[in-house]
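The structure appears below as structure tokens.
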Amino acid sequence: MENGFFYTTKELLTNPGNSIRRFIEGDRTKHFKPIGYLVATSILYVFIKHLFHFDELLELQNKDKVVSETYLSLLNWATEHQNYSNLFEIIFLATFTTILYRKKEYNFFEYFVLFTYLTGFFMLIGILGLSFTYFTNNRLFFKFSEYFGFIYFSWGLGKFLSENKWTAYIKTFFVYLISVISFFGLLLLSGIILDYIKINM
């Protein structure tokens, strides 16, 4: 518990901002590496999702959002390939945070490390949501885990930047929201363009 995966998880649960800041500043002996942590938690998330047969549920949720068949295919691909979709979302998050907080001393790569850790822990929150949903047969737990994840990202970024005012947390929530919208907006735009090309070829 004093180093590695479980130490990193404990730190991300109790004090994500300071813990990740220490890692970026060079205190890395106790931390599990960010990419390794994300890969491990994403694999665990996918395993639990398959074990509890949530693939069908997520596909049904995606069908409710369908605007184009290609978009649905891309959305299902993103759901099935969690590591890749996480990576794309992290790139959006790091990019928008770098732009909106350009007066801070951190650069894109440092924000990339931050969001890699936060996303890794978000996978664990998702696992709890899937587990409670499976054992209670109540989909509200899965939805709640997603909403709690939004709050966690805002809190983690706010603590990392040492922003303690409530207005700062609203700003960090906005960063997360615009990044997620951009990611899914890109999928939607790609789907519409590809459908248009198919129809007109």
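Where a number appears in this text, it was derived from the coordinates with a stated rule and is not lab data. Owing to the predicted nature of the structure, the values given are computational and were not obtained by experimental measurement.
Some observations on this one:
- Difference of contour (0.36 nm per residue) and Cα-Cα distance, Lys104 to Phe135: 6.7 nm
- Extension gain, Lys198 to Trp166, is 6.7 nm, computed as 0.36 nm per intervening residue step minus the present C-alpha separation.
- When the pairs Lys30/Lys103; Lys143/Lys171; Lys103/Lys159; Lys33/Lys143; Lys33/Lys171; Lys10/Lys49 are compared against a 18 Å limit on Cα-Cα distance, Lys30/Lys103; Lys143/Lys171; Lys33/Lys143; Lys33/Lys171; Lys10/Lys49 fall above it.
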